[in-house]
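The block underneath contains the structure these notes are about, expressed in structure tokens.
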Amino acid sequence: MLGFVPQPNLQRIRAQSLERCHKSRGSLTEMAMRPRITPTRHRPRILADTRAVSRPLPPTDVIAPPPGITTVQRSYLSNFILDISASVRGYLDILEATFTVRLLRPWYENVGKRQVKSPKLFFRDSGLLHTLLGIADRDALLHHPKLGASWEGFALEETIRALAVGAEEVWFWGTHAGAELDLLVTADGRRLGFEIRYTAAPRVTKSMRAAIDTLRLDRLVVVYPGDRRLALADNIEAIGLVDLVQVVSA
């Protein structure tokens with residue numbers, strides 16, 4: 001599947017790409033674990049000691065863990081590697097350095113609450129995520145349990161690109177009590193919050209209010225796949241992704 005919404009006129013290309021991708025998954029993993037023959041500081045850093053790898057690590061094991069695991073929990077990922085969690089960091093470094101995934105850093109400050117301090121991981125290309133999950137068309141996507149996660153990653157990348165902000169200006173925020181904010185942008189002395197929801201009827205939640213009060217946000221935008229701008233509350237507005245990108249990019 002090419003991108004979040006497939007293009008009908010690319011059925012043949014998509015089918016061929018899916019077949020090639022599925023056939024190459026094993027060989028790509030094996031190739032990534034081969035010792036580096038010609039060291040160069042300009043290449044992504046190769047994995048930590050490859051002798052510690054117990055078996056090839058399929059990309060979907062890292063990127064699409066079971067439901068309920070949203071942050072990068074290295075104790076979970078380390079189940080695939082023999083006793084060396086640093087090897088997990090090696091895998092993630094390669095994927096991040098090649099712009100395959102984004103590791104969104106957690107924002108935390110002294111607010112009197114226990115806050116999440118593990119990064120969140122997203123595929124930067126939703127089409128690649130769909131391929132690894134075996135999602136072949138739009139209908140399969142709409143009925144897949146990872147639909148919300150796919151939309152979140154896609155909308156997050158498009159929002160960051162439209163805002164033209166760097167990696168040092170984007171964060172996510174969460175507490176162990178359940179309050180969270182999908183995207184926090186700290187730029188030009190302002191704090192902008194973005195909640196990403198795959199819904200036709202966005203609404204204000206306790207988590208949003210907690211984020212506004214705790215983080216002292218200047219504005220919070222709910223990004224959804226609709227075509228209307230909705231004023232939900234003071235400083236909280238719902239905007240369709242297409243409109244948001246057009247407004248911000250203008």
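At a glance:
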item: Packing-based ranking, highest mean first, of 157-168, 117-128 given that Cβ atoms within 10 Å are counted; result: 117-128, 157-168
item: Other-chain or far-sequence residues with amide H under 5 Å of ALA187's (modelled H); result: LEU192
item: Paramagnetic reach from ARG105 (point 7 Å along Cα→Cβ, amide N under 15 Å) across the stretch 121-152; result: 121
item: Contour excess over end-to-end distance, with Cα ends at ASP218 and GLU169 and 0.36 nm allotted per residue; result: 16.1 nm
item: Label-zone membership for the stretch 195-219, site LYS113, 7 angstrom Cα→C-beta point, backbone N under 17 Å; result: 195-196, 204-219
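Every number here is computed from the coordinates shown, using simple stated rules; none is lab data. As the structure is a prediction and not an experimental result, all values here were calculated from the model. Don't worry about glycine lacking a Cβ; one is built from the backbone with ideal geometry, like all the others, and counts go over all protein chains shown.
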